[in-house]
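Remarks on the structure that follows.
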């Protein structure tokens, strides 16, 4: 009887191990299939025109230059806003807020904002900026929408890395007679620099592929434009529009755009990982 | 004498005058986060109010969505959102669990790290990429190799036939759920893995020492230890699935009304907004779409708050 029970336990264990291995193979298989499609469809369309010509009408040659430049400008402005606000907010949570009720509320709402559906951010920025403040779609509105998505990421990582620093660092600054803000700026931020950069990279990875918040804010622009006060072309929106057309050449451009975004996101994440590892080593 | 005393009087550091300003700046930045979330709630409520006021409670029960007659009911998108998210969770949960257990317990040391990193990197791929893959690769494959054979095999009038009725083009509730599942899988797997790594090694070792099999260790030692936060992680995954926009918009088929079968086209709250907002035909149409946003906000907020509460418990261990 006992041996039969033991056999049953052994068999079910083997089945369990096989199940776990199989799920891993399935998961990796599916994800490999997605990467394969992305590479096989995207790499073929890569050429110099992609970076030098603007989005075409169906049937004529063109590239993604206006969308790439638009995306870069919108993302850069969004990151600038997100880094300023996020680092200050994270610093407040780590250095000043402590365990106060207000700090707990901000922390909770930051977590909510971190996982809030991005399309809602787009809707709200549309409501405030596009519909009421400015009156038309613009690159600025797109940048604000993306900044709202990036801020919680930066805030969270800033708070986390500042809290990891030993309090003796803070004390040493104060003991030297430095005001708090100089202690924070010259000692705390500098000590946490790797973590802060990582937070920025993760936030960039998060927003660079976001499509939903740009649909009602930056909209799109068929032509090359550096004017952020007007509708602006951006990669995600161009991918979305072109993927849903019936034209093969536009669909190919959509795949190339998707490949470019995926490469940018993966690169940002990998650099962030390398920085984290270097920090741990030193 | 007096000079000596004066020399130990502590003067405030020269640039200390800026301290309160710096503190106020940081405080203002933190308050902006609060204002952002408050702003979302206010804008969605004010923007959606005309529609909610006009249609009242029937907004949530009526399935009509007609921009021509200006009559809007959210029952279809609400049902679509819940069905796709729950289906996606049902598919992703066992897979994510299996992957994380494999990585923590069984995987050879050499592949453990690379696979874990691969899974984490894939969690960051933008949803529009998943959407394109779903539309151009998965949907045609599914239509030809799953949907058509089932449609041929199902006897008319049978339950199978009712469940799988629909246009065989691969753009439906079920394929949208599969894509959602693929998207939340790497995310949930990496959270599960991190949770299981927090279990003290002594617990695991003592269980093995008593002769427990790996399966018993996982089910009776690891899982009970991380139970609450694991549920929190599942809720986080659900929250992501509920609000996911682009991937679903690509592949769900975008038709209004309640989905009649698994393979019927449908819509979700987010996909309806994404599809129609930029081309809304009337003020009431815009308002109805913003009201959908409010519903989505309230649902995800509830789910995420619950996730946060459950995950928060773990931190105090």
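The values are calculated or read from the model by the stated rules, or taken from the named source; none is laboratory data. Bear in mind the structure is a predicted one, so any value in this text is a computation, not a measurement. Because the Cβ atoms are built from the backbone with ideal geometry, glycine has one as well, and the counts that use them run over all protein chains shown.
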Complete set of residues in the stretch B:241-258 that are surrounded by fewer than 24 Cβ atoms within 10 Å (Cβ to Cβ) and touching a helix residue (DSSP H, G or I) at 6+ places or on another chain (Cβ under 6 Å)
B:254, B:256, B:257, B:258
Requiring at least 2 residues that are within 16 Å of residue B:40 (Cα to Cα) and within 9 Å of chain A (Cβ to nearest Cβ), the helices (runs of 4 or more DSSP H) wholly within the stretch B:237-317 are B:269-276, B:283-315
Inside the stretch A:182-237, can you point out the residues that are within 13 Å of chain B (Cβ to nearest Cβ), free of Cβ contacts under 8 Å to residues at least 60 places away in the same chain and assigned to a loop (DSSP other than H, G, I, E, B)?
A:209, A:211, A:220
Looking at the stretch A:33-49, which of its residues are surrounded by fewer than 13 Cβ atoms within 10 Å (Cβ to Cβ) and assigned to a helix (DSSP H, G or I)?
A:36, A:40, A:43, A:44, A:48
Just need a number here: residues in the stretch A:78-106 that are surrounded by 19 or more Cβ atoms within 10 Å (Cβ to Cβ) and without any contact (Cβ under 8 Å) to a residue 40 or more places away in the chain.
4
What's the number of the condition residue A:43 fails, among (1) closer than 29 Å to residue B:141 by Cβ; (2) within 14 Å of chain B (Cβ to nearest Cβ)?
(2)
Confirm whether residue A:157 is surrounded by 22 or more Cβ atoms within 10 Å (Cβ to Cβ), touching a helix residue (DSSP H, G or I) at 6+ places or on another chain (Cβ under 8 Å) and part of a helix (DSSP H, G or I).
yes
Candidates B:25, B:37, filtered to the one that is more than 31 Å from the chain's Cα centre (by Cα), surrounded by 14 or more Cβ atoms within 10 Å (Cβ to Cβ), part of a helix (DSSP H, G or I) and modelled with pLDDT of 90 or more:
B:25
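Filtering the stretch B:274-284 down to residues that are free of Cβ contacts under 8 Å to residues at least 40 places away in the same chain and over 17 Å from the mean Cα position of the chain (by Cα), which residue is nearest to residue A:137 (Cα to Cα)? I'd like the intermediate steps shown before the answer.
Going residue by residue through the stretch B:274-284, those that are free of Cβ contacts under 8 Å to residues at least 40 places away in the same chain are B:274-275, B:277-279.
Cutting the leftovers down to over 17 Å from the mean Cα position of the chain (by Cα) gives us B:275, B:277-279.
On the way: B:275: 17, B:277: 13, B:278: 10, B:279: 13 Å.
Of everything passing the filter in the stretch B:274-284, B:278 is nearest to residue A:137 (Cα to Cα).
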